[in-house]
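So the structure is just underneath, and the comments pick up after that.
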Amino acid sequence: MNTTLDIVTSKGLTYEQKVVALAHAAEDSLEILNIPEKTRHYMDIGAICDLSEGHAPYRPRYIMPDYEKAIREGCEFLRLDPPKDLDELLSFLMIFYRHVPSITTYPVFLGNIDKMIEPFLDGISDEEAAKKIKLFLIYLDRTITDGFCHANLGPEETRAGRIILQLEKELQNAVPNLTLKYDPDVTPDSYAELALYTSLFCANPAICNHKMHKDTYEDYGVSSCYNILPIGGGSYTLTRVVLPKLAEEATDREHFLKELLPDCLKHMGDYMNERIRFLVEESNFFESSFLAREGFIDRKKFLAMYGVVGLAECTNMLMDDKSKTYGHSPEADDLAEEIMNVISDYAGHSDALYSEVFDGHFALHAQVGIDSDHGITSGVRIPVGAEPDSMFDHLRHSARFHKFFPTGCADIFSFDPTGRNNPAAVLDIVKGAFELGDKYISFYASDSDLVRITGYLVKRSDMEHYYKGEAVLQNTVHLGGDNYRNAHLENRKVRAIS
Amino acid sequence: MRAPVNKIIPLSVVDGPGNRTSIFLQKCNIACAYCHNPETQRMCIGCGICVDKCPVQALTLKKGAGEGRRGAVIWDETKCIQCDNCIRVCPYSASPKIRYMEVSEVFEQVSKNIPFIRGITVSGGECTLYPEFLTELFELVKTKGLTCYIDSNGCTDFSRYPELMKYCDKVMLDVKAWDKEVFYRLTQGENDIVKKNLVYLAEEHKLEEVRIVCLEPEVDVEATIRGIAENVEKYLNQFTLKLIAFRNHGVSTKLKDRETPSYEKMREWERIAGLCGFSNIRIV
């Protein structure tokens, strides 16, 4: 979308999408961030990418309100008393969500939705609860028209969670994205199996390794594309280092590891600090937001996500040997680990502004890619189409690289529909993967309409409309449609065909 | 101890509870008309018919070798493109793509899949043709905390192998037909042992599931359901009765074009099974 007039006259955008695009265009007409020439160079070659967050950050990228506090205490600004029954709760949430901003303009985190609902189910039959929750879920899907919206379940089993899972299978909604926090010591097998069974019909929920994340902060939530962030806080920004773009400038491996990469990482950190500085010191977000004023968020619980993408391609470029590639050759994987060690070392010593919740450092995140990426694989994933024959080898490889990322790193598997008859088998795979250190895993059935693109969900049927140039409700259909084509996701290896 | 292995599937969601590694041993003691993988029924006789039909020259005939009449067909796994042409042209229900593997080799393949699997299932062909191999394999596999299942047509007398049964956790048993004549026409085998095994395994609490492939008139489905119920009446809540709708995929006999029974028909058999006292019934 190049000019304001293009936005105004577009046939492929809904009214709401035009409003958001116009706001973005207005923001980008400003040039107020201090960006040194070297940083601009890294941006020009695509090595540093700020995901088009905008030229003047006026709200954090991801906000994770403490909804439980809001439900307990009510909200003065919105003139809402604490809800007393299920109807009041659902109405409370519908109103509250409407006022939670993010980079997408919609809320990216809807809370531990099962735990929020559960106390209000006393004395209500499953049937009655399901009817009310169903309407609530439909409302969310049709009004939060953005797939980067996430709600959490578990790790404990709840009646509310069961009802939500059963409804999801029936509703086939792309929003909200759901994650089950899974801990084999807390989550009953039968509940985890219901979750996986459901995911083989509607690609929801994904499964998060609760044991590995629960002590990252005081309490965590999973938002958007599996961002593991502090509840009551969030992430100011997410900028990513696009490793293969940087590797194009390397004269050799040594040059890349010792000079180019450290220099680029430093410039990216400085750029992120500049964004944080403007947001915290000049935008007046925290001064004007009722969320901050009433304590549903706390500036001290925000951090900045330091994104990494394309480790696979970068490694393969530096190896320069078609017979030794990432995910297949121990030598290539060793080099990849060396690259990650440089990044991890930088992050561990970095000075991130206003990031008390993460000890003043940037928090590494395996960024999943964007629609316009060509030949750049999500985070540290193995490229689609080049996955190892054995799913188990694939998961072992993942475990080796997931360990670097405290704020989210995940794998997506297209699974044979026969898995529906044996969700316990899928759970065995999850248990094995989590035992080895995989942090987050998700499945969808190879015949399912809903597919997981890089982290968010899109319906194949909606993508067809988009390809024909028609306007579609959710803006993530645009992103997903392009990504599905550019990353050739139809080639994702289907697992468990016997 | 060695056995001929047709294939090993590291990740199987269809061979018992949870995720399992499935091991398929070559050779069967019956020949079912509805067999989905007839190439597992017999051992290669070394006739060499398949050799010329291989598009990538992965097969060679080694004269004088093996037990075959003309020699042994040698399969080069590295050249093979898995087109299965050799299997299609084989007139003997065999496959040249068999590897004789030691117990330790199979165990090594299984071990690679830990911690993603909860057990193994050995199938075939008919794996109980190799009871000593199974016993050794299971003894090893159990040391890793995995469960060991047998998938069987029930034509080998399990009670003759107490050592194997000690290590075997559960059996998934086919009861292919109830009437002796019907069973013979379908399989070319006898079902006295199958009935004996049904009772023996139920009493030993070793039954995981009992399966009937449903196709009339080749299978006396209702009589089989009733026969099983009467013979192991006390144990009907201890195993799953799996009613498998016949599908012609992979079938190479005169049944290759037969249609799958209707869902209504399957539901009717399920209803009858329910009335007979089965508590876990699954249609697949």
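Which value in deg cm²/dmol, rounded to the nearest 500, describes the helix-derived mean residue ellipticity at 222 nm for chain A, given -39,500 (n - 2.57) per DSSP H run of n ≥ 4 and division by the residue count?
Taking each H run of at least 4 residues, the total per residue is -12000 deg cm²/dmol.
Using the Karplus curve 6.51 cos²θ - 1.76 cosθ + 1.60 with θ = phi - 60°, work out ³J(HN,Hα) for each residue of segment A:19-24 in order, rounded to whole Hz, and write x for Gly and Pro.
4, 5, 5, 5, 4, 5
Near B:Asn191, within a Cβ-to-Cβ distance under 12 Å, what is the net charge of the other residues, with Lys and Arg +1 and Asp and Glu -1?
Once all neighbours under 12 Å are counted, the net charge is -1.
Summarise the partner chain shielding of A:391-401 as one whole number: the mean count of Cβ atoms from other chains within 10 Å of each residue's Cβ.
2
Note down the relative contact order for chain B as a percent, whole number, built from C-alpha pairs under 8 angstrom at least six residues apart.
For chain B, the relative contact order is 17 percent.
Using every pair of alpha-carbon atoms in the protein assembly as shown, split the distances into 20 Å bins beginning at 0 and state the percent of pairs per bin, rounded to integers.
Cα pair-distance distribution for the protein assembly as shown, in percent: 15, 42, 30, 13, 1.
Distance cut-off 30 Å, Cα to Cα: go down the list A:Lys214/B:Lys142; B:Lys112/B:Lys170; A:Lys181/A:Lys301 and report the pairs above it.
Cα-Cα > 30 Å for A:Lys214/B:Lys142; rest within.
Provide the packing ranking of A:457-464, B:11-18, i.e. peptides ordered by the mean count of other C-beta atoms within 10 Å per residue, highest first.
Top of the packing list down: B:11-18, A:457-464.
Return the equivalent ellipsoid semi-axes of segment A:196-319 as a descending list in whole Å, where each equals the square root of 5 times an eigenvalue of the C-alpha gyration tensor.
32, 25, 12
For A:Asp219, list long-range residues whose amide hydrogen, built 1.01 Å from N in the peptide plane, is under 5 Å from its own amide hydrogen.
A:Ile231
Could you work out the mean count of beta carbons from other protein chains within 10 Å of each residue's beta carbon in B:116-122?
Taking all residues of B:116-122 together, the mean is 4.
Using +1 on the beta carbon of Lys and Arg, -1 on that of Asp and Glu, and nothing else charged, what's the dipole of segment B:1-102 about the Cα centre, debye to 20?
260 debye
If R₀ is 25 angstrom, what is the calculated FRET efficiency for the pair A:Ser288 and A:Asp122, using the beta carbon separation as r and rounding to 0.05?
For R0 = 25 Å, the calculated efficiency reads 0.05.
Just tell me which lysines come within less than 21 Å, Cα to Cα, of B:Lys97; anything on the same chain fewer than 8 places away is out.
The reachable lysines, counting only those whose Cα sits under 21 Å from B:Lys97, are B:Lys7, B:Lys27, B:Lys53, B:Lys62, B:Lys63, B:Lys79.
What does DSSP give for chain B in terms of the percent of beta bridges that are antiparallel, rounded to the nearest 5?
Approximately 35 percent, going by the DSSP bridge assignments.
Run a plain Debye calculation on segment A:141-245 (Cα atoms as equal point scatterers, no solvent) and give log10 I(q)/I(0) at q = 0.23 Å⁻¹, rounded to two decimals, same order as the q list.
Each listed q maps to, in turn, -1.27.
Let me know the mean shielding of B:5-16 by other chains, meaning the per-residue number of their Cβ atoms within 10 Å of its Cβ.
Average per residue, whole number: 5.
From the Cα gyration tensor of segment B:44-89, with a ≥ b ≥ c the square roots of its eigenvalues, which class applies: rounded if a/c is under 1.5, or else prolate if a/b is larger than b/c, or else oblate?
Note, shape of segment B:44-89 comes out prolate.
Which of A:Gly369, A:Phe358, A:Met319 sits farthest toward the positive end of the charge dipole of segment A:287-371, with +1 on the Cβ of Lys and Arg and -1 on the Cβ of Asp and Glu?
In segment A:287-371, that residue is A:Phe358.
Sequence-distant or interchain residues sharing an amide H contact under 5 Å with A:Leu303, placed H: which?
Amide H to amide H, under 5 Å and 5 or more residues apart or across chains, A:Leu303 pairs with A:Gly234, A:Ser235, A:Tyr236.
I need the Kirkwood Rh of chain B: take the reciprocal of the average 1/r across all distinct C-alpha pairs and report it in angstrom.
Radius from the Kirkwood sum: 19.8 Å.
For segment A:445-458, take each phi angle, set θ = phi - 60°, evaluate the Karplus expression 6.51 cos²θ - 1.76 cosθ + 1.60, and give the result in whole Hz per residue in order, putting x for glycine and proline.
7, 5, 9, 7, 6, 7, 10, 8, 7, 10, x, 8, 10, 9
Estimate the FRET efficiency between A:Tyr467 and A:Lys169 by the formula 1/(1 + (r/R0)^6), using the beta-carbon distance for r and 41 Å for R0, to the nearest 0.05.
0.95
State the extension gain, in nm to one decimal, for the chain segment bounded by A:Leu436 and A:Ser10, taking 0.36 nm per residue of separation less the distance between their alpha-carbons.
Extra length available between A:Leu436 and A:Ser10 comes to 148.5 nm.
Per DSSP helix of 4 or more residues, -39500 (n - 2.57); summed, then divided by the residues of chain B. What does that give at 222 nm, rounded to the nearest 500?
Theoretical 222 nm ellipticity from helices: -8000 deg cm²/dmol.
Read phi for every residue in segment A:286-291 and hand back ³J(HN,Hα) as whole Hz from Karplus 6.51 cos²θ - 1.76 cosθ + 1.60, θ = phi - 60°, with x for Gly and Pro.
Result, ordered by residue: 5, 7, 9, 7, 5, 4 Hz.
Sum up the charges of everything whose Cβ sits under 15 Å from the Cβ of B:Cys80, counting Lys and Arg as +1 and Asp and Glu as -1, but leave B:Cys80 out.
Residues near B:Cys80 contribute +1 overall.
FYI, it's all coordinate maths here, none of it is from the lab. Here the structure is a predicted model, which means the values were calculated and not measured. Note that we place each Cβ from the backbone using ideal geometry, even for glycine, and neighbour counts take in every protein chain shown.
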